[in-house]
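Worksheet for the structure shown next.
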Amino acid sequence: MNEEIDDSEFYTQDFTTASEWEIFIARMEEIINQWKTDEVIIEENKSIWSVRQENIIFADFDFTFYWYKKKDVEEVSESSDSDSRSRNPVSGNFDFEMFSEADLTNESCISTWYGLDEFMVLTPTRNVGINSESRIKILLSSVYIVSSNVNNDIPIFVQIRDKWQKCFMGVFEGNGVRTNFEMVHLRRGPQHCQYLTGLLDLFKTKIMSPCSMDPIMCSVQLTYVLSDFGNFIWKQDSNNSEIIDMENVRLPFGVTVEPIKSIILKSTWKQLPEHLVVDSESYTDFDPHRAPIWSILAQMTKEPLCLLGDGLTEVYQLLSNHSNVYDSLGDYANNTTTPETNNPLDLLTEPAVPTISTLLNKAARSTINKHHKGVPPISENVLVPLLYFLFPDADESSTYPYGRDSNNEKDSPTKNKFINLEQDSKSFKTCPQDSLIWRLSIVLTHALQSLGGVKAFAHIWYEFVQEMRYRWEKSMPIPGLPSGFPDLRTCLLNQKLQMLNCCIERKIARETHRASQHFVDAENSSEDDDEFYECSEDGDSNKKYSMWNQPVGRLGKFNELKLLKTGDPLYIPVTQEPVLKTEDQLEEDTEVLLNLGDDNEASEVRARIMSASLLSDMESFKAANPGAIVEDFIRWYSPNDWIIDEENEDGGYLSPRMNIQNNIWVQMWETAKPVPAHRQKRLFDDTREAEKILQFLDYRNLSQICELIVPVLAHGALYRLVDEYNGITVNILQATARVTAMTKQVERISRDVKFQPRRFDAFIQDVSNFELTLSQINSLGYKFNPSGSFDNEINEKIGDLVIGKEIELLEKSNSNIGSRVLSMFSDAQNTANMISGETNEKLINPLPTPFQREFVMRVAAVKPASCSARCPQFLRAILSKNEFRLCGAFSEDIVFF
Amino acid sequence: MDEDILTTLKLLIIGESGVGKSSLLLRFTEDNFDPEQTLTIGVDFKTKRLSIDDNTVKLAIWDTAGQERFRSLTPSYYRDAQGAVLVFDVSSYSTFAKLEKWLLELDTYSTKSNIVKMIVGNKIDVDNREVSREEAMKFARRHQTLYIEASAKTKDGVQCAFEELVHKIIQTPLWESYADNGLQIGNKDHPAESSCGYCTLS
């Protein structure tokens, strides 16, 4: 100690010379006082502990000082211990705590061992042990001083030895009693301490009661660990080999290793007087089958590989890979086919009887690619079934055509537990379930995860793009897409393919039209004849339509209207098909229009830009209606701008806005030539658009491909989880909330204007967690209820076990779970015996030797002198194969001694 | 100059031809009425700043042609609109009867599920009214939209209609969830403003 402080003058308080130790103690006291006066803020988290912490430095050594307090602890005064005055923390009847995962913190073992609801711990911040005897002593002295100085009624502990040993010493002082917490931790305990009898002797010796004591009350707990589940090992989707069940191609799900590490059975006896029980090397009263209390808990495997989460993670990681498909494929993509090894696509799209065109095509391809060097990343026998799965229309007898599930409502994940999912999923910007892109994203994920990684992924995409090109060239519609124009409420890839399909459709229409045109020309057009005859009935058809002005491209008559000038029927012309756009193109267009500004001039330019279709319609109209005037056109095109004369049904006039001098409509009408739609310049050039799409697909790099399928994958993963959840009968805590949260995430992922990997990552975490929970439940269900019959009781218990709770088995081995656990234990024992070659006797006791035995002894003893008050004494012994721990709390009267 | 702009909203004006969509827009943006306004071809748009609750929002209002034949062209521009004004002519029952079809079209093509809709009965200055206020109100109630009567010619109700619509859009809570995505409203001028604006309002 530094003497100078004591000698210092009263009027100058010089702290500069205070020793490190004094500062350390002062700091601790200060923290404790601060904590006591502070308002306690109870954080809203799962843990039952509210924890506060401060850092303290002792010399150059960092410590962290924690204060642990159980939230909402009711005073334990209900217990038989009516002596509420002595609130000694160890005086309760606490024996064994029911294990609960949520309560776990680093230092909470103190609470488990001593049954404390509130305590403080001083522990080295870094992972260094306090092993030297003098250091331990100085720390202990410190907390003794602090404890008595601040009149603390909370035990203070110091962590000593190496951190993993979880060895704590401590002190409590209050109500005239001091309790010393002491702990011994050894690899292996001394021989005489292996059984209760020996431990009782040790306890008595330690107490050294000056007079005779009450009988010591003992509690015992035997723990058995089952980690060999024999036939009941749970592994799902073991088909992660290269063979994929083609009948059931779905996103992977489940775990590759048993998600339950072990099942722990505890048999417990509570509060037995010492003279009633015997437990020694030769004989023990503690037969687990006769224990009054049985409880079990499940230990989970730490971070087992979850297939669904893993698949998504692989895609997530690929997002940062910007290399292109051809680079990833290397030689293979550049030298696709030779006559010997056909491109699987040819196999796929080739009709049963090869047509000349496909043979030609094959020939053409084979001459281009003479050298075949590379080995395909996915072998043909794996690839072909996958392609048949994506394009089932290539095989007439396909067992998985698109739209097969539409009448099978049972499979719909919305059927059971999530009524709203169907509704919510409408806001997903993805694609319909089990459509081509849905399947493609599943196949791509499979390829990435289990068929050969990045190369296989690139290979599938490459084949897919090739197939798209093939379909376009051969005018074959793409299967498994929603019909119609690009739907802006779906993902971009879906829009692109819808667009490609529209292009293919128009190409087919054009080709058939051309074919029929030839035919009609040869036959001298019966339609034209009709027209001709109809006209000839008037007798002056030749006069009306000169040879160069024959009406063409009529769709049908328009409401019996007659042309104003000629009195001929007004025909609706065949017009050009509407222009189709995908959202990225629309965005570009919008941008162009917006950049023009918003003044009148810009409006005029916009009108010009937009008027292409108007001009086309005018030309078609003129072609179909020779002799028509602008008024006729308006009557068809914008009937509201033709004001009918009240008196004369056929008469009328244009609305004022149509009569504006030089308005754009009239201008255009004047420039329009009579040209039928099919001879006009195409407003929508399907050949060009198709080529654009094919190039778009072709030039995607790996990262961009992932971006395209991520929304669909997220949607698929959610449905997969919900599907699995509907398959089980156990209720998962907050399942609805978790699914709702994931639904929101999918919605956001799919609708983000710019893709945000961070969001996808968060989603993957949630998916993996949910997947793991489901796997654990499946595993426990399989173990406890192999028949799979509905059993509400078992389901409830499984629900508890899965969140890490220890549960009591009221009927012990007679309960369903109890008997299942016993039989698994005996199976495991049999297997073990068989391996070790021991005689295969019938096992009398299906339980193995306990993994851990725990004894709790407590008594009230007068200490240190015979005139002292009775103070609680406590010893807990934890014995296992490679650990021996004694946790003692010995109290003594510090007033009367 | 755009420092004080909170966000840009995309609005749509749809309805039958000749009900006065462009006139309403002209009245709102330029406070002007032109009886000889040309027929809109395809789509057009105007911008306007509007101050609401001490905040300024920029409106990009897309005006569409009402003609049947333009139906293949215009819906492309419905994308990502936050609000839609459905206009009918109170002196023409047929334009009112077609509203149902317009609402359906809006639901089909708008990509936002929570688009705010407002029905405007235009031309209330005209004498021969064919659609009563009550009937229109009933319709609006059934379809859960806002309803207001206006006249682009006399200026009645026009300002109020757009203000009301913008107010409603800002209040719609679901909106917020997209605000942090760097919302794109067909105008990329102010991505920063649009991404941060909503928290302060709601």
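Bear in mind these aren't lab numbers, they're just calculated from the coordinates by the rules spelled out. Keep in mind it's a predicted model, so treat the numbers as computed, not measured. Note: ideal-geometry Cβ built from the backbone for every residue, glycine included; neighbour counts use all protein chains shown.
What full-extension length gain, to one decimal in nm, is calculated for A:ALA741 and A:ILE293 as 0.36 nm per residue of separation minus the Cα-Cα distance?
157.3 nm
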Item checked: Shielding score for B:74-80, defined as the mean number of other chain Cβ atoms within 10 Å -> 5
Next item on the list: First measure r as the distance between the Cβ atoms of A:ASN659 and A:GLU380, then evaluate 1/(1 + (r/R0)^6) with R0 = 41 Å and state the FRET efficiency to the nearest 0.05.
Entry: 0.05
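R0 = 35 Å: FRET efficiency of A:VAL753 with B:ASN32, Cβ-based, nearest 0.05?
0.50
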Check: Roughly how many nanometres apart are two label points built 7 Å out from the Cα toward the Cβ at B:GLN171 and B:SER72?
Finding: 4.2
Next item on the list: Whole number please: convex hull volume per residue, Cα atoms of segment B:27-175, in Å³.
Entry: 118
Notebook entry, point to check: Roughly what would the spin-label model give for A:THR64 and A:HIS513, points 7 Å off Cα along C-beta, in nm?
Noted result: 7.5
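So if R0 is 56 Å, what FRET efficiency would A:ILE629 and A:SER397 give, r being the distance between their Cβ atoms, rounded to the nearest 0.05?
FRET efficiency, A:ILE629 to A:SER397: 0.40.
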Next item on the list: Give the Debye-formula value of log10 I(q)/I(0) at each listed q (0.11 Å⁻¹), with one equal scatterer per alpha carbon of segment A:662-737, two decimals each.
Entry: -0.66
Check: Could you give the semi-axes, largest first, of the ellipsoid that matches segment A:791-897, computed as the square roots of 5 times the alpha carbon gyration tensor eigenvalues and rounded to whole Å?
Finding: 43, 22, 12
Item checked: Partner chain coverage, peptide A:589-598 - average Cβ within 10 angstrom -> 5
Item checked: Pair A:ILE835, A:GLN433: separation of 7 Å Cα→Cβ label points (nm) -> 4.4
Note to self: For segment A:589-695, take N as its residue count and report Rg(C-alpha) divided by 2.2 N^0.38 Å.
What the structure shows: 1.32
Margin query: Show me the ranking of peptides A:867-879, A:501-513 by mean Cβ neighbours inside 10 Å, starting with the highest.
Written below: A:867-879, A:501-513
